[in-house]
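One structure is given here, and the rest of the page talks about it.
The values are calculated or read from the model by the stated rules, or taken from the named source; none is laboratory data. Model, not experiment: these values are computed from the prediction. Here the Cβ is made from the backbone with ideal geometry for all residues, glycine too, and neighbour counts use every protein chain on show.
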Amino acid sequence: MHSQSLTGKWQFRQAGTDEWMPATVPGGVHTDLLALGLIPDPFVAENEHEVMWVAEADWEYRRAFIPGADLLTEERAFLVADGLDTLAE
């Protein structure tokens, strides 16, 4: 079995929008939005109420990579995402 790391430059966006933004993986959508200054810190004062929309929205993450030659010779390839803590398609 061969493996390939997917560490590197990730991007994310709210589903249905065109703008891809830099993301940190592992991480989460709240921390990515906070790092970009797009939401207030949800752990301060009443900010949690202001960012409730984040959990209700759909988000997409992506990362481009070139598979190693050894991976291309395999009959099957599996994407293992141990860190997902929510629904994914």
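Annotations
- Among the residues here, residue 32 does not qualify as more than 12 Å from the chain's Cα centre (by Cα) and among the acidic types (Asp, Glu).
- Among the residues of segment 1-49, those that are under 30 Å from residue 67 (Cβ atoms) and acidic (Asp, Glu) comprise 18, 19, 32.
- Segment 73-89, residues that are farther than 28 Å from residue 17 by Cα, surrounded by 10 or more Cβ atoms within 10 Å (Cβ to Cβ) and without any contact (Cβ under 8 Å) to a residue 12 or more places away in the chain: 77
- When the residues of segment 2-37 are filtered to those that are touching a residue at least 12 places away in the same chain (Cβ under 8 Å) and among the aliphatic types (A, V, I, L, M), the one that is surrounded by the fewest Cβ atoms within 10 Å (Cβ to Cβ) is 15.
- Restricted to segment 15-89, the set of helices (runs of 4 or more DSSP H) holding at least 1 residues that are at pLDDT 95 or above and within 25 Å of residue 5 (Cβ to Cβ) comprises 29-35.
- Test for residue 54: is it surrounded by 11 or more Cβ atoms within 10 Å (Cβ to Cβ) and out of contact with any Phe, Trp or Tyr (no Cβ under 6 Å at 6 or more places or on another chain): yes
- Checked against the criterion of being closer than 18 Å to residue 83 by Cβ, surrounded by fewer than 13 Cβ atoms within 10 Å (Cβ to Cβ) and out of contact with any Asp or Glu (no Cβ under 8 Å at 6 or more places or on another chain), the candidates 65, 43 yield just one match: 65.
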